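**Student:** One structure follows; several queries about it will come next.
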Amino acid sequence: MARTKAEKQEIIEKMKQIGSESESLVFVNFHGLKVSGATEVRRKLKSENVNFFVAKKSIMRKAFENIPGKTIAGSMPELEGEVGVAYGKDLIAPAREVLAFQNKFKGNVTILGGIFEGKYMTKDEMLSIALIPSLLTLRGMFANVINSPVQGFVMALDQIAKKKTA
């Protein structure tokens, strides 16, 4: 069923709002994804505070041409197939979560590009951003790095103590 001009304008305004309020966006091709898979994707994204919105490519292009209060550098990546947008307040979460589903549903979910820190990014750039671990994981890695020298020192003292008692 064809959409009226008013409905299309409403979708454009929603896309502009998404573009202005979110920290990062990921353009996702979900061609061939079954309804059960799409439901799983949406639920998992929602649990990670990432939203997903589907619109026509022409409407997306029109909406992202001039987002109020935000200038996007570069050019929009080529959007192929059925396209949705994963977005959120976290810079990395949308890309990381979509990458997890890209690995799970090989061929049915793919990252096409995105918007990161006010610039259009290519597919490869978004994939490299998606490989960055979560903030909680990074904190754990940092604590391990800080703890490592202390742990080595304690183990050395323990070996000296064992040697003296023997």
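The values are calculated or read from the model by the stated rules, or taken from the named source; none is laboratory data. What you see is a predicted model; the values in this text were computed from it and never measured. All Cβ positions, glycine included, derive from the backbone under ideal geometry; neighbour counts span all protein chains shown.
**Student:** Do we have any residue at all in segment 69-90 that's charged (D, E, K, R), more than 16 Å from E48 (Cβ to Cβ), in the same structural domain as R43 (by TED's automatic domain parsing) and assigned to a strand (DSSP E or B)?
**Tutor:** Yes, there is a match, as at least one residue in segment 69-90 is charged (D, E, K, R), more than 16 Å from E48 (Cβ to Cβ), in the same structural domain as R43 (by TED's automatic domain parsing) and assigned to a strand (DSSP E or B).
**Student:** Is there a residue being more than 17 Å from the chain's Cα centre (by Cα) and at pLDDT 90 or above anywhere in segment 104-118?
**Tutor:** no
**Student:** Next question, about the same structure. With outside any strand (DSSP E or B), small (G, A, S) and closer than 29 Å to L136 by Cβ as the only criterion, which of A63, A100 stands out?
**Tutor:** A100
**Student:** Name the pairs: first residue in segment 82-97 and among the basic types (K, R), second residue surrounded by fewer than 19 Cβ atoms within 10 Å (Cβ to Cβ), Cβ to Cβ under 6 Å, at least 6 apart or on different chains?
**Tutor:** Sorted first by the residue in segment 82-97, then by its partner, the pairs are K89/E23.
**Student:** Name the pairs whose Cβ atoms lie under 8 Å apart, with the first residue in segment 21-37 and on the phi < 0 side of the Ramachandran plot, the second assigned to a strand (DSSP E or B) and among the hydroxyl-bearing types (S, T, Y), and 6 or more positions between them or separate chains?
**Tutor:** Hits for this filter: S22/Y87; S24/Y87; L25/Y87; V26/Y87; V28/T110; N29/T110.
**Student:** Next question, about the same structure. Going residue by residue through segment 12-20, is there one that turns out to be without any contact (Cβ under 8 Å) to a residue 12 or more places away in the chain and within 15 Å of G118 (Cα to Cα)?
**Tutor:** Yes: segment 12-20 contains one or more residues that are without any contact (Cβ under 8 Å) to a residue 12 or more places away in the chain and within 15 Å of G118 (Cα to Cα).
**Student:** Is it the case that some residue within segment 62-82 is among the aliphatic types (A, V, I, L, M), exposed (fewer than 15 other Cβ atoms within 10 Å of the Cβ) and at pLDDT 90 or above? Walk me through how you get there before you give the answer.
**Tutor:** Let us first name the residues in segment 62-82 that are among the aliphatic types (A, V, I, L, M), namely 63, 67, 72-73, 76, 79.
Then keep just the ones that are exposed (fewer than 15 other Cβ atoms within 10 Å of the Cβ); that gives 73.
Still in the list and also at pLDDT 90 or above: none.
No, that holds for no residue.
**Student:** Also, quick follow-up: Pairs, please: C-beta under 8 Å, at least 6 apart or cross-chain, first residue touching a residue at least 12 places away in the same chain (Cβ under 8 Å) and in segment 60-75, second surrounded by fewer than 13 Cβ atoms within 10 Å (Cβ to Cβ) and among the basic types (K, R)?
**Tutor:** Note: pairs meeting the criteria are I72/K119; A73/K119; G74/K119.
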